[in-house]
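The numbers here are math on the coordinates, done by the rules we state, and not lab data. Just so it is clear, the structure is predicted and the values come from calculations on it, not from any experiment. Virtual Cβ from ideal backbone geometry, glycine too; neighbours counted across all protein chains shown.
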Amino acid sequence: MRKLLFLSLLLPQFLFATEEPQTVDTLATAEEEVDNTYLLDSINGSQGMVFLEEAHAYINVPEGYCYLSKEKANHLLSDYWENPVSDFILGCLVTDSAKIYKDVDVAFMFFFEDCGHVKDEDASSYSYDEILKDLQKDVAERSEERVKQGYDACELVGWAAQPVYDSEKKILYWAKHLRFGNNGLEEASDTAYYDETLNYDIRILGREGILTLRAIADMEDLPVVDEMKSIIIENTHFNEGYTYADFNPATDHIAEWGIGALVAGKVLAKAGILAKCSAFLLKFWKPIAIALGALFTFLFKRKKRE
């Protein structure tokens, strides 16, 4: 799909450059230019210690990985994987075996939500089956908005990995199986295509908010992502003074929601929350149920390998 978009931009140059009829060779030349554009778009990421200033956190970039800045992460998300640009993303981790953006198979995106200290006493009291039903309904509603904006329709197929909360490490993680398609996902056609996409979510709870890691990959990469997540978690930390254990009940703000809401991605509107919402959220969410920041409910597509 992305190659076709590039190709449509290049073809007019050939159409107006000559009055001779266009040939297969002309089209092949245009496609070759597209391929060269891909090959020249090399990855230049960071290694070693990377500080996430907004999150009061840092990453010891593991061996075999590199960190891409916000701009580079959005370049991958938007220009290659056909997602809307995210204002919330801090950056992402990719394997350094991918030398050009086109070859990236898996990316771990980083976000931060300064929502306050999330209490976890109720972590075991949620029915994640019921939450899944609510999520599927919400995704269906948001899919209609995606289509209106020119993006593929989206369906939440189910859990790729059910939510699990590690009470010792204060980490919550789960995975969603998403299906993106060009025809509303309702009926098959000769021109239909589908992308089976994995969104693997990790929430690291801190003193003042939540550090979010989201892996975007093909569904077939679930075993690889599951293994990678352990390595990345072990190398991602809040700064001293900003960990979950550093919470001071006398001075620190407590979040208006608990563990279950982090999975559900929304909470009832309360005093102060609406003021923090962007126009994007207000446009697409019902007044009584708004997102925990667009980063928690954003559906990322992983463009199908060519």
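Suppose R0 equals 41 Å. What FRET efficiency, 1/(1 + (r/R0)^6) with r the Cβ-Cβ distance, do residue 144 and residue 97 give to the nearest 0.05?
In this case the efficiency is close to 0.60.
From the cross-link list 72/170; 70/148; 70/102; 169/229; 72/102; 148/176, which pairs have alpha carbons spaced over 20 Å apart?
Flagged as over cut-off: 72/170; 70/148; 148/176.
Which order do 66, 92 fall in if you start with the one that has the fewest other Cβ atoms within 10 Å?
Least crowded to most crowded, the residues run 66, 92.
Would you please name the GluC sites (Glu not before Pro) within segment 51-110 that are DSSP coil residues with at most 13 other C-beta atoms within 10 Å of their C-beta?
Those satisfying the criteria are 63.
Where does each of 110, 180 land when they are ranked from fewest to most other beta-carbon atoms within 10 angstrom?
Final ranking by Cβ density, sparse to dense: 180, 110.
Which Cα, out of 132, 231, 167, lies furthest along the positive dipole direction of segment 124-247 (beta carbon charges, K/R +1, D/E -1)?
167
Can you sort 97, 69 by how many other beta carbons sit within 10 Å, fewest first?
Result, fewest neighbours first: 97, 69.
Express in nm, to one decimal, how much length is gained between residue 40 and residue 253 on full extension, taking 0.36 nm for each residue of separation and deducting their alpha carbon distance.
Result: 71.9 nm gained on full extension.
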